[in-house]
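The values are calculated or read from the model by the stated rules, or taken from the named source; none is laboratory data. This structure is a prediction, so every number in the text was calculated from the model and none was measured. Cβ placement follows ideal geometry from the backbone for every residue including glycine, while neighbour counts extend to all protein chains displayed. In case anyone asks, the SASA skips ligands and DNA or RNA and just uses the protein heavy atoms, side chains included. Shrake-Rupley method; radii C 1.70, N 1.55, O 1.52, S 1.80 Å.
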Amino acid sequence: MDEDSDTRKINSSFLRDHNYATEADIISTVEFNSSGELLATGDKGGRVVVFQREQESKSQPQRRGEYNVYSTFQSHEPEFDYLKSLEIEEKINKIKWLPQQNAAYFLLSTNDKTVKLWKISERDKRPEGYNLKDEDGRIRDPSTITSLRVPVLQPMDLMVEATARRVFSNAHTYHINSISVNSDLQTFISTDDLRVNLWNLEITDRSFNIVDIKPANMEELTEVITSAEFHPQQCHTFAYSSSKGSIRLCDMREAALCDKHCKYFEEPEDPSTRSFFSEIISSISDVKFSHNGRYLMTRDYLTVKVWDLQMENKPLETYQVHDYLRGKLCSLYENDCIFDKFECVWNGSDSVIMTGSYNNFFRMFDRNTKRDVTLEASRENSKPRAILKPRKVCVGGKRRKDEISVDSLDFSKKILHTTWHPHENIIAVAATNNLYIFQDKVN
């Protein structure tokens with residue numbers, strides 16, 4: 001974040017209109033691919049929408065950076081588990097891109113039970129002149145064929161196709177909360193409340209259980225797994241977080257079942273601040289390795305913490321996201337907002353972190369200057385080239401003109417899902433059924 005950090009320009013805002021929005025339109029995940037040229041969103045209706053960045057043109061250089069719809073497809077359908085009499089909803093929980101290795105793009109998407117590998121490819125030519133088929137595709141009688149033709153490829157309008165290449169299913173008893181692609185590009189993990197499974201991208205009928213915290217007696221269950229991620233460089237290392245506020249770092253070289261962690265990160269609780277809500281608000285909703293692999297970032301209900309992998313006893317940095325809500329935990333518990341799961345993201349250089357809040361606010365923290373800013377994603381400021389002004393929340397006392405009272409925050413408007421372009425200052429923020437794309441102010 002530089003001097004323009006608190007004046008951000010909207011480059012485009014998208015999605016379905018509030019007036020026609022349904023539950024199925026609510027965005028449930030957002031993810032840039034490794035180049036930042038593509039941006040994928042998943043929603044509660046099981047759909048994946050992929051946006052592609054506009055290529056720069058000499059006639060309209062200002063259009064560079066705009067993202068337009070590239071492909072839309074139905075990734076998951078609602079299902080029913082007849083053995084357990086349970087409905088399996090189609091909501092997309094997570095999307096992860098695989099690094100691009102040829103002209104096609106590949107991504108993993110998951111709902112509560114099933115992970116799918118999708119191939120997204122372009123087609124601008126079609127074959128014509130078959131010997132055994134006529135132009136309408138009907139099979140020809142071989143006895144009528146008197147000469148052989150060489151089929152040719154004819155140009156056609158560009159078509160973007162999404163095809164499911166693999167379906168990884170029947171491995172999770174509980175709901176999948178995260179997936180992560182390994183740096184070896186051959187394997188990935190899928191994580192539910194009690195287990196982490198390791199898959200090979202080529203093999204769909206079996207996976208290896210590498211973490212299992214399910215007790216013999218479920219009444220003894222004290223914590224669940226909330227998120228897991230592979231280390232960005234070390235293919236044998238992964239971390240998973242728990243509902244008790246701890247993070248375990250595991251090394252797959254030590255044992256096939258990583259029940260014993262190699263590092264355990266947890267901040268000791270201050271007894272003076274303990275309350276009925278302490279355990280709920282300490283539950284970690286997201287864990288992310290920094291791009292350089294040296295740090296871990298975790299998000300709990302009120303804070304974002306940065307951990308150094310060499311220091312297990314306390315976090316290196318702690319950032320208060322919305323400390324003004326500490327006095328409202330009782331009402332947040334009653335309306336279930338206290339159980340909201342906010343995500344957190346690093347920028348490309350690991351110097352700034354971003355996470356969401358309520359009232360369509362999202363927060364940015366500069367790790368070098370220690371400056372922070374609150375910005376708002378809303379229809380009012382979503383016109384192209386509009387400037388985002390910093391927002392402030394007032395707690396008690398006299399409210400200034402540009403401040404908003406903590407009592408007037410809208411808790412139904414929440415930013416749970418955000419993502420940052422891997423190389424540039426471009427961010428995507430999901431606010432209910434709208435996707436906002438912002439970039440640093442440009443002249």
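Side notes on the structure shown:
- Dipole of the chain, positive direction: furthest Cα of LEU185, VAL160, HIS423, with charges on the beta-carbon: HIS423
- Magnitude of the charge dipole for region 273-422, about its Cα centre and with charges confined to Cβ atoms of Lys, Arg (+1) and Asp, Glu (-1), is about 640 debye.
- Residue-level accessible surface for GLU312, protein heavy atoms, 1.4 Å, Å²: 70 Å²
- Selection from THR369, SER412, GLY396, by position along the positive dipole direction of region 344-443 (Cβ): GLY396
- 3J(HN,Hα) couplings calculated from phi for region 249-256 with the Karplus curve 6.51 cos²θ - 1.76 cosθ + 1.60 (θ = phi - 60°) are, in sequence order, 9, 10, 10, 6, 6, 6, 7, 5 Hz; Gly and Pro show x.
- Choice from PRO268, PRO99, PRO422 showing the highest fluctuation, given a GNM over the chain with Cα pairs closer than 10 Å: PRO268
- Trypsin sites (Lys or Arg not before Pro) within region 106-161: DSSP coil, no more than 12 neighbouring Cβ in 10 Å: ARG138, ARG140, ARG149
- For the listed residue pairs LYS94/LYS119; LYS94/LYS260; LYS214/LYS260; LYS305/LYS413; LYS370/LYS392, the alpha carbons are over 22 angstrom apart in LYS94/LYS260; LYS305/LYS413.
- Using a Gaussian network model of the chain in which every pair of alpha carbons under 10 angstrom is joined by a spring, one finds that among LEU185, LEU108, LEU83 the greatest mean-square fluctuation is at LEU83.
- Net lengthening on full extension, GLU54/GLN310 (0.36 nm per residue, minus Cα-Cα): 88.0 nm
- Magnitude of the charge dipole, the chain, Cβ model with Lys/Arg +1 and Asp/Glu -1, debye to 20: 1040 debye
- Looking at region 262-332, the trypsin sites (Lys or Arg not before Pro) that sit in a DSSP loop and have at most 10 other Cβ atoms within 10 Å of their own Cβ are ARG274.
- Label-to-label distance for GLU122 and GLU79 is 3.4 nm, based on points extended 7 Å past Cα in the beta-carbon direction.
- Taking 7 Å steps out from each Cα toward its Cβ at ARG326 and ARG253 produces label points 4.3 nm apart.
- In terms of the mean number of neighbouring beta-carbon atoms within 10 Å, the peptides 42-53, 157-168 order highest first as 42-53, 157-168.
- Each Lys and Arg contributes +1 and each Asp and Glu -1, all at the Cβ; summed about the Cα centre of region 226-288, the dipole is approximately 140 debye.
- Rounded to the nearest whole Hz, the Karplus-based 3J(HN,Hα) values (6.51 cos²θ - 1.76 cosθ + 1.60, θ = phi - 60°) of region 29-45 follow the sequence 6, 9, 7, 7, 7, 5, 9, x, 6, 10, 9, 10, 10, x, 10, 6, x, with x at glycine and proline.
- For a 4.7 Å threshold on C-beta separation, the list of partnerless cysteines in the chain reads CYS235, CYS262, CYS330, CYS337, CYS344, CYS394.
- Extension reserve of the ASN292-LYS244 stretch, reckoned as 0.36 nm per residue once the Cα distance is removed: 14.6 nm
- Amide proton proximity set for SER34, modelled H, under 5 Å, gap of 5+: GLN100
- Note on the chain: with a GNM built from Cα contacts shorter than 10 Å, the maximum mean-square fluctuation among SER109, SER207, SER405 falls on SER405.
- Taking amide H as placed 1.01 Å from N in the peptide plane, ILE426 has its amide H under 5 Å from the amide H of HIS421, each at least 5 places away in sequence or on another chain.
- Put the Cα centre of region 163-177 next to the Cα centre of region 75-114 and the gap is 6 Å.
- Long-range amide H partners of VAL321 with built H, under 5 Å: THR303, VAL304
- Candidates THR298, SER71, THR204 compared by Cα position along the dipole of the chain: farthest toward the positive end lies SER71, with charges placed on Cβ.
- If R0 equals 41 Å, the separation of the Cβ atoms of HIS236 and GLU403 corresponds to a calculated FRET efficiency of about 0.25.
- Of the accessible area of region 32-124, computed with a 1.4 Å probe over protein heavy atoms only, carbon and sulfur atoms account for 45 percent.
- Rounded to whole Hz, the Karplus (6.51, -1.76, 1.60) HN-Hα couplings of region 88-99, x for glycine and proline: 10, 6, 7, 3, 7, 7, 8, 10, 9, 7, 8, x
- Label-point gap, in nm, between THR146 and LYS389 - each point 7 angstrom along Cα→Cβ: 8.2 nm
- Mean-position separation - Cα centroids, region 308-363 and region 385-443, in angstrom: 14 Å
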